[in-house]
Amino acid sequence: MEFAELIKTPRVDGAILHRPFLPRVEGTLCLTGHHLILSSRQDNSEELWLLHSNIDAIEKRFVGTLGTITIKCKDLRIIQLDIPGMEECLNIASSIEALSTLDSTTLMYPFFYRPMFEVLEDGWHSFLPEHEYTLLSAMTDEWRLSYVNKDFTVCPSYPPIVMVPKSIDDEILKKVATFRQGGRFPVLSYYHKKNGMVMMYSAQPLTGTNGRRCKEDERLINATLRPGKRGYIIDTRSITAAQQARAKGGGFEQEAHYPQWRRIHKSIERYHILQESLIKLVEASNDQSHNMDRWLSKLEASSWLSHIKEILTTACLAAQCVDREGASVLVHGSEGIDSTLQVTSLARIILDPQSRTINGFEALIEREWLQAGHPFQQRCAQSAYSNSKQKNEAPTFLLFLDCCWQIQHQFPCSFEFNEQFLIVLFEHAYASQFGTFLGNNENERRKLKLQQKTVSLWSWVNRPNELEKYFNPLYEANSLVIWPSVAPQSLQLWEGVFLRWNRSSKYLDEAWDEIIHIIEYNKDLQAKVNALRRQLAELQTDDGELESP
Amino acid sequence: MEHIRTPKVEQVKLLDRFGSNKSVIGTLYLTATHLIYREVTTVNPKEIWIMHHHIAVVEKLPLTTVGCPLAIRCKDFRVIHFIIPRERDCHDIYNSLLKLSCPVKYDDLYAFAFHPKKTEYEREMGWKVINLTDEYSRMGIPNAIWQLTDVNRSYKICDTYPTHLYVPKSVSKPIIVGSSKFRSKGRFPTLSYFYQQKQAAICRCSQPLSGFSARCLEDEHMLQAISKANPNSHFMYVMDTRPKLNAMANRAAGKGYENEDNYSNIRFQFVGIENIHVMRGSLQKVSEVCGTKALTSNDFLSGLESSGWLRHIKAVLDAAALLAKAVGYDGASVLVHCSDGWDRTTQVCSLGSLLLDPYYRTIKGFMVLIEKDWISFGHKFADRCGQLDGDTKEVSPVFTQFIECVWHITEQFPRVFEFSEAYLLEIHGHVNSCQFGNFIGNCQKEREDMNIKHKTHSLWSYLLENQHKYLNPLYDPNLPCVHEVIEPNTVAFNLKFWRSMYHQFDKTIHPRQSQLGLVLSLSEQNKQLEIEVKKLEKKIIELGEKPRTVIKKESFHLVSRLSQTLKTTDKMCKERQSTPGANPIRTVEGGNIPEDGCKDLKPSFSKAEPTLVNLEHGMAKMTC
C-alpha cells in the first residue's frame, strides 16, 4: 500500500480537538489511509472519524512547539487540532494534505469500504431505466427505450439506455447526436401524466456561425408535439451568450428551422461564478463579528440568493409551459449537464408528486443527475474553502438542493423527506464512503466498476433504521402541482447548511422534537380511541344479543 | 357620516401589488368605519375590509386612460391600488378617506362607536382584566425596601406618568419632587420591574436637565437610594439608550446625561439606539423596497441594508439583552432612560423584563407587560400611531419595533412563549385600529379625562376570549428552559426580515402550508381525543369490562411507510375522520387548486419578467 508512505506520523498522543459548540476533546490522533481519527480512549466518549476526502483545506500555525492545524471540511465545518511537537504537527499536516488530494479515484475510500450493515436491497439496482419505462408505458405508448448508446459511442456522457420518441429510430438519433454538443441529443426527462406533455433535455445545437441545420434534429423534437401545438425551448443562457456560442461552433435553434417552437432565454449562471458565490457566502456566514450592514452587504455580494431565484424562476417557467400552456418543453444550455439539469429536475419536483417522496427523489437524483451525466466528481472536487486554483468545481448540485429546500420550506407538508435528507445528499456528493457520486458519468462509473467494487449510497439510506431519520412527520401525499413563490422576500438562507456550524440549534431542535411528539401522540390517541370504540361496540352487540331472545 | 359623499363606486379595478397584469373588478363601499371592496365574480367573491384608522396614506396618482388610480398604504403594511373609472368618484373617495382616516378629535375614533354584543357588566369587567397593583405584588412589591408613593396622585408632579408609582422607602417626597424637577417632563426615576431572585430593580426615567454642569442633590440622592435598595450590588448601571452624540447635543439645550463624578456608585453607559425620526425613515425605506416591482434578490438585500431597519432592531435587542444580563446575572439594578423616557426606554425596559421573567412570555403576562411599560408609563400612542390629524413628525414605529423584537426572540426560543406570531400581529393591528380604548391618547391622564374606561371596550378581554387562536402548540410551562433568563443571540445572521408583518396581506409570498397551523390543530385535537378516551374507558368499565390497551407499535409507520406510503396515509385519513374533532386538517393552502396555483405563480414571475411578454420576447429575439 502506498498510503503508508504518505503517513509519516501515524499516531500522536495528547492532541486536542476543538469543534464549534462542543466541548474540547483530548486524546490520541491517528491517521489511516482514509481517515483522521481522534479518540479520547475513554468509554462511551465520542470519537472523531473524518474522511480525508471531506477535507477541503488545512492551515497550520505554531506557538512555540505547540502546533495547531485548522481543518476546513467540504461540509463547511471547521475544526481545530492542537498537536504537541512541531515535527509531529508538520508531518500530520503534510499527510492530511496529501491524503485529501489523492489523484486516483480507485484509491478513494469507497473502494476500501466494506459495509457493516446487511444490504437489504442493493442500491445499484434500485433505479433501473427499464423500471422507469414500465411506468411510462402504462401512461403512453409514444416513447421507446433506445440502446443506441449502449457502448457510449454516440454520447459519452449519456447512459446506455435512453427514452426517445417511438417514431425516431436509432439511425436518426446518431445523426442528431452529431448536431448536439457532446452528442447529447434530446431525450425524455419527464412525462406529465395530466396532459401528456413532456420535458426533454439536450445540449446546445451545433449551428455555428453559418447557421447549420439538422433535419433529423427538427424531426426528433417535432415528434413530441401534438398536431397544431407549439412547444417551448428553454435556453438557460442569455440571448447574448447563446449568440456568442455560435462563434465556437455552438448556437441555438433558429426560428426558421423550428417554426413550431418558441425559444425563451433565461440566464442561469454556471461554473466559477457559482463557485465564487459559494465561497463568498460561506465566508460571510462564518464571520460572527459582522455588524448588520456588513452581513447584509456580504450576503448580497455573494449573489447566492440571486442564483437560487434565477434557477427557481426558470424551473417554474418550464413547469408552467408543461402544466399551464399544455406544451412540450426542451431545456438546454450549452453542455446540458449543469443548469439544464437543475431546471428539469426542479420542474419535475414542482409537477410530479412522486418525486416528492423519498423513493421518488432518489430516483430523480439517479436519473436526472447521475445517469444524465452531471460531472459530480469534477464539480464536487472542492468546496468553499479551497484556495487551490479552481478548475471545474461548481456548487451546481448544492444549488439544486437549496432550491428543493426553498420549495420544501414553502410546502412543509408536501415532501415525504425532511431537510436532513437534503443535507445528507449534500454531504455525500462531496465526500462519502459510498460509490454513488464517484465518476462524472455512467461511462466512467462502468469503467471504475463501481457496482462491483463499491457500495451504493441507496443501499445504506434505504434501510428502515436509517430511513427513519429522514421522514417528514408532517407529510401528507399531495397529488397537486406546487407552485413556489420566487419573490426575494420568500427566499431564505438555508440555515441548516450555511449556519449549521455557526450557532447552536438546541432550541430549534427541541422544537422539532416536540412537533414530532405531538404528531406521534396524535396517532397513538387515534389508535386508542378506535380500539376502545370497537371494544365498546362489541360489548354493546354482545349485550344486545343476550337481551334480544 | 358627513364626510362620505359617494358611498358606493362600481367597476373599480384592483391592481396586483407586484405589477402582474392580473387585476380584478369589484365594487367599492365606504362606510363610517370601513372601506370595503367586493369582487364581482359569481363564485366566492373576495372581500377586503380596511378600517379607516388603519389607513396611513391615501394618494391620488396621475389620471390614466382607464381611470383614476388611488393608492392606499395602511399602518398594517397593506398596500392597495385601485383604479376608479370616473375622476369625480375618485376625488370624493379620496377626500372622504383623508378625513375619515385622520379624525381631528378623539371622539371620532372608532372605539367610541364600537359596540359589540356585550352587556355593560361584561364591558366593565373587561377593563378589570389587568390590575397593575396585582402585578407589582406578583413581583413582591411593596416590600421592606420598595413602597408605593402617592406623590403623583393627581398627576401633579408628572402628567405623563401613572398615579401609582414605586420608589425606595428611603426617599422622601421632597427628594422625589426635587428629582422630578431635574428630569425632562418631570419623569423622575421610578420602578419598572423588580427581579425578586436577586433583589435587583429596573428603573426608568427621562434625561437629567444637567446641561454642561448643573447638578441636583435630590436627584443624586434618588439614584443612590435606588442603588442602595439592592443589597446584592454595591453599584448600579445607568443606561442611556441614545447614541452618545445625541445625548451630548442635548446638553446644549440644558438637558443631557448623568455626570459619573456627581453620582456615587453608578456605572454609566450609552447603548446607541437612534431616535424616532431615524426609525420612521428607516421603516419607510423598508416599505418602499417591499413594494418595488420586479424586485431582485440583490436589490432586496441592499435595500434592506440601506434602510438600516435590522440594524436598529439589533440595537434594541442588544440593549435589552445587556439589561437582562446586568439584572439577571450580575444582580445589579439598572436605571434606563433616553430623552423623554417614553420611546427607547419603554422598548428596552419591556424587552429586558420579557427576557428575565417567564410570566411576560404568557398570553396574559404579555398584556400586563404592555399595560405596565407602554400604556401606564405614557408611551405616546396617539402621536406615534398618528391616531389624530396632527404632526406627522411625531409618528414613529416604536411599538412596531418592539413587537418585531419580540418576534425575533420567539424565533430563537420556539418553546418558551405561550403565544405565537398571530398574537403579535393581532396586537399590532389593534394598536393602530383604535377599535378598543386601550391605546387611545398619549398617557393615563388623557385617558382618564376622556373617560375611556366608561366609553370604550378593552382589547385585553377580547384577546383572552380568542386566546386559542394565539396559542403556541410547542409551549410547555413545565419545561425548565421556560423559567430561565433567556439570552437571544444577536449575531447579525440570526435576524431576518419579518415577512409575516411587512407582507401580512401579500399571501402569494408566504409558505403555502402552515406548519404551525397544522401542529396547533393537532395538539387541540389531542386534547379532545384524551377526553374521548376517558369517556370510552368509563363506559366500558360501566359495562363490566377492562378497557383494552393498545400495544404501541413503534415500527408500525416505518415498515408500512417504507413499502407503501400511500396506503398508510389513506388508512390514517380514514381513522382520523372517524374520530371527534378530526377535521381535514392538512389542507393544502394555495397551490391545491390548479387555477389558484396559476394565480400564485404569475405574480412571482412577472416580478422578473411577465411570463407572456417574456414568451413574445423570446420570439422576437429569435429572428435577429
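The values are calculated or read from the model by the stated rules, or taken from the named source; none is laboratory data. Treat the numbers as computed from the prediction; the structure is a model and nothing was measured. With ideal geometry, Cβ positions are generated from the backbone for all residues, glycine too; neighbour counts draw on all protein chains shown. All accessible areas refer to the heavy atoms of the entire protein, side chains included, with ligands and DNA or RNA removed. Shrake-Rupley method; radii C 1.70, N 1.55, O 1.52, S 1.80 Å.
Based on the mean of other beta carbon atoms within 10 Å per residue, what is the order of A:187-200, B:169-182, most packed first? Don't skip to the end; give the middle numbers.
On the way: A:187-200: 20.3, B:169-182: 18.6.
Ranked by mean Cβ neighbours within 10 Å, highest first: A:187-200, B:169-182.
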Suppose every Lys and Arg Cβ carries +1 and every Asp and Glu Cβ carries -1, with no other charges. What dipole size does chain A come out with about its Cα centre, to the nearest 20 debye?
2460 debye
So what is the relative contact order for chain B, in percent, with contacts set as C-alpha pairs under 8 Å and at least six apart?
14 percent
Projecting each Cα onto the charge dipole of the protein assembly as shown (Lys/Arg +1, Asp/Glu -1 at the beta carbon, about the Cα centre), which of A:Asn462, B:Leu63, B:Cys158 comes out farthest on the positive side?
B:Leu63
Just to verify a number: what accessible area does A:Val12 come out at with the full protein assembly present, 1.4 Å probe, Å² rounded to tens?
10 Å²
Given H placed on each backbone N at 1.01 Å, which residues far from A:Tyr201 in sequence or on other chains put an amide H within less than 5 Å of it?
A:Val187, A:Ser189, A:Val331
Compute from the Cα atoms of the range B:72-189 the Rg and the Dmax, the latter being the longest Cα-Cα distance, and quote both in angstrom.
23.4, 72
Within 10 Å of each Cβ in peptide A:252-265, how many partner chain Cβ atoms are there on average? Round it to a whole number, please.
3
Out of the total accessible area of chain A (probe 1.4 Å, heavy atoms of protein only), what percent is carbon and sulfur?
50 percent
Test item: B:542-549 mean partner chain Cβ contacts at 10 Å
4
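In whole angstrom, how long is each semi-axis of the equivalent ellipsoid of the range B:413-471, when you take the square root of 5 times every eigenvalue of its Cα gyration tensor and sort them from largest down? Walk me through the intermediate numbers first.
Values: eigenvalues 138, 27, 18 Å².
Largest first, the range B:413-471 gives 26, 12, 9 Å.
If you put +1 on each Lys and Arg Cβ and -1 on each Asp and Glu Cβ, how big is the dipole of the protein assembly as shown around its Cα centre, in Debye rounded to 20? Don't skip to the answer; put the middle values down first.
Working: 138 positive and 138 negative charges, 444 e Å.
The dipole of the protein assembly as shown has a size of about 2140 debye.
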With a 1.4 Å probe and every protein chain left in place, tell me how much accessible area B:Lys534 has, in Å² to the nearest 10.
140 Å²
Could you give each residue of the range B:293-309 its phi-based ³J(HN,Hα) in whole Hz, using Karplus coefficients 6.51, -1.76, 1.60 with θ = phi - 60°, and x for Gly or Pro?
7, 6, 6, 8, 4, 5, 5, 4, 5, 6, x, 4, 5, 6, 5, x, 4
Where a Cα-Cα gap under 16 Å defines reach, which lysines qualify for A:Lys72, not counting those fewer than 8 residues away within the same chain?
A:Lys60, A:Lys280
Let me check I have the definition right: for the range B:461-526, take the eigenvalues of the Cα gyration tensor, multiply each by 5, take square roots. What are those semi-axes in whole Å, largest first?
23, 22, 13
log10 I(q)/I(0), Debye, Cα-only the range B:43-86, no solvent, q = 0.13, 0.25, 0.34 Å⁻¹?
-0.34, -0.89, -1.12
Dividing the alpha-carbon radius of gyration of the range A:418-517 by 2.2 N^0.38 Å, where N counts its residues, gives 1.38
Excluding residues fewer than 8 positions from B:Lys228 in its own chain, the aspartates and glutamates with Cα under 13 Å of it are B:Glu220
Descending principal axes extents, the protein assembly as shown, alpha-carbon based, whole Å:
103, 92, 84
In Å, the C-alpha Rg and Dmax of the range B:371-416 are 13.5, 42
Sum -39500 (n - 2.57) across every DSSP H segment of at least 4 residues in the protein assembly as shown, then divide by the residue count to get the 222 nm mean residue ellipticity, nearest 500.
-12500 deg cm²/dmol
How far is helix B:611-622 tilted off the main Cα axis of chain B, in degrees rounded to 10, range 0 to 90?
70 degrees
Apply 1/(1 + (r/R0)^6) to the Cβ-Cβ distance of B:Phe212 and B:Glu394, taking R0 = 30 Å, and write down the FRET efficiency to the nearest 0.05.
0.60
If you plug each phi of the range A:352-363 into the Karplus form 6.51 cos²θ - 1.76 cosθ + 1.60 with θ = phi - 60°, what whole-Hz ³J(HN,Hα) values come out, in order, with x for Gly and Pro?
10, x, 4, 6, 9, 8, 4, 4, x, 6, 4, 4
Computed label-point distance, nm, for sites B:Lys527 and A:Asp122 using a 7 Å Cα→Cβ extension:
5.6 nm
Which of A:Asn502, B:Asn232, B:Val129 sits farthest toward the positive end of the charge dipole of the protein assembly as shown, with +1 on the Cβ of Lys and Arg and -1 on the Cβ of Asp and Glu?
B:Val129
Gap in Å between the Cα centre of the range B:182-254 and the Cα centre of the range A:172-230?
77 Å
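Counting Lys and Arg as +1 and Asp and Glu as -1, each charge on the Cβ, what is the dipole of chain B about the Cα centre in debye, to the nearest 20?
Numbers: 79 positive and 69 negative charges, 123 e Å.
The calculated dipole for chain B is roughly 600 debye.
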Return the tail of the calculated pair distribution for the range B:190-289, meaning the percent of Cα-Cα pairs more than 22 Å apart.
40 percent
May I ask you to list the lysines whose Cα is less than 17 Å away from that of B:Lys535, ignoring any residue fewer than eight positions away on the same chain?
A:Lys528, B:Lys527, B:Lys546
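Hey, what's the per residue convex hull volume over the C-alpha atoms of the range B:77-122, in cubic angstrom? Provide the component values of the computation, followed by the final result.
Details: hull volume 6.3 nm³, N = 46.
Taking only Cα atoms, the range B:77-122 has a hull volume of 137 Å³ per residue.
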Using only the alpha-carbon atoms of the range B:293-377 as identical scatterers, what base-10 log of I(q)/I(0) does the Debye formula give at q = 0.15, 0.18, 0.26 Å⁻¹?
-0.66, -0.82, -1.26
Binned Cα-Cα distance frequencies in chain A - 20 Å width, integer %:
19, 49, 25, 6, 1
Based on alpha-carbon atoms only, what is the radius of gyration of the range A:51-155 relative to the globular estimate 2.2 N^0.38 Å?
1.82
May I ask for the Kirkwood hydrodynamic radius of the range A:324-420, worked out over all distinct Cα pairs and given in angstroms to one decimal?
14.6 Å
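Could you work out the local net charge near A:Pro160, counting Lys and Arg as +1, Asp and Glu as -1, over the other residues with Cβ closer than 9 Å to its Cβ?
Surrounding charge for A:Pro160 is 0.
What ranking do B:420-432, A:347-359 get when scored by the average of other Cβ atoms within 10 Å per residue, highest first?
A:347-359, B:420-432
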Note, A:Gly27: beta-carbon cut-off 9 Å, +1 each Lys/Arg, -1 each Asp/Glu, net -2
How well do other chains shield peptide A:470-478, expressed as the mean number of their Cβ atoms within 10 Å of each residue Cβ?
4
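What per residue convex hull volume, in Å³, do the alpha-carbon atoms of the range A:199-355 yield? Write out the running numbers ahead of the final one.
Numbers: hull volume 20.3 nm³, N = 157.
Normalising the Cα hull of the range A:199-355 by residue number yields 129 Å³.
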Give me the net charge of A:Arg445's neighbourhood, meaning all other residues with Cβ under 12 Å from the Cβ of A:Arg445; Lys, Arg count +1, Asp, Glu -1.
+1
P(r) histogram, all alpha-carbon pairs of the range B:181-236 included - 10 Å bins from 0, percent
23, 49, 24, 4
Hey, for a label at A:Thr65 modelled as a point 7 Å past Cα toward Cβ, could you say which residues of the range A:1-42 have their backbone N under 14 Å away?
A:13-14
Enumerate the calculated ³J(HN,Hα) couplings along the range A:455-470 in order (Karplus 6.51 cos²θ - 1.76 cosθ + 1.60, θ = phi - 60°), each rounded to whole Hz, writing x wherever the residue is Gly or Pro.
9, 7, 4, 5, 4, 7, 4, 7, 6, x, 4, 7, 4, 3, 6, 10
Provide Rg over Rh for the range A:183-285; use the alpha carbon set for both Rg and the Kirkwood Rh (inverse mean inverse pair distance).
1.06
Counting DSSP beta bridges with both partners in chain A, what percentage is antiparallel, nearest 5?
75 percent
Rg in Å to one decimal, and Dmax rounded to a whole Å, for chain B via C-alpha atoms
27.9, 90
Averaging sequence separations of C-alpha pairs under 8 Å and six or more residues apart, then dividing by the length of the range B:332-473, give the relative contact order as a whole percent.
26 percent
Which three lengths, in whole Å and largest first, does the range A:446-489 cover when its Cα atoms are put on their principal axes?
45, 28, 22
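Report, in listed order, any pair from B:Lys169/B:Lys198; A:Lys523/B:Lys364; B:Lys156/B:Lys453; B:Lys99/B:Lys453; B:Lys75/B:Lys453 with a Cα-Cα distance greater than 30 Å.
Values: B:Lys169/B:Lys198 18 Å; A:Lys523/B:Lys364 32 Å; B:Lys156/B:Lys453 22 Å; B:Lys99/B:Lys453 26 Å; B:Lys75/B:Lys453 25 Å.
Exceeds cut-off: A:Lys523/B:Lys364.
Can you give the convex hull volume per residue for the Cα atoms of the range B:274-323, as a whole number of Å³? Provide the component values of the computation, followed by the final result.
Working: hull volume 3.2 nm³, N = 50.
For the range B:274-323, the hull spanned by Cα atoms encloses 63 Å³ per residue.
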